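Colleague: Quick one: the structure is below, and I'll ask about it shortly.
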Amino acid sequence: MDEVTKAKEVLKNAGYFVDNLWCNDDVKSFFTDVSKEQCQKVLDSALRNDATMEQIWYAIECVGEDMGLKRTDYDDDEDTCSYCGRKECNKHH
């Protein structure tokens, strides 16, 4: 088992979704003469921008509702995360 597969297995076992990862080659398919650092900067900006994050949270909500999953209860009057709408969120701050 190669190093990347092992790393993905560890993350998956910890509850992370690892079946849709992006890499430098994805950036290089659009641009030539780009460094590893530039690729990582492009991926960071593209994947962590507000529009992308909001779309992912929206899709998670829609798919979960379509599957008939029970929603969590949270008080809208409490401070909530601007990305996911959850209170006490420590993943996006």
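Quick note: the coordinates plus some simple rules give every number you see, no bench work behind them. The shown structure was predicted, so the numbers you read here are calculated from the model rather than taken from an experiment. Cβ sites come from the backbone with ideal geometry, for glycine too, and all protein chains shown count toward neighbours.
Colleague: Summing Lys, Arg as +1 and Asp, Glu as -1, what charge do residues with Cβ under 14 Å from the Cβ of L43 carry, L43 excluded? Intermediate values should be presented prior to the final figure.
Modeller: Values: positive: K28, K36, K41, R48; negative: D25, D26, E37, D44.
Residues near L43 contribute 0 overall.
Colleague: Quickly work out the R71-to-A59 label distance, labels modelled 7 Å from Cα along the C-beta direction, and quote it in nm with one decimal.
Modeller: Simple spin-label model gives 2.2 nm for this pair.
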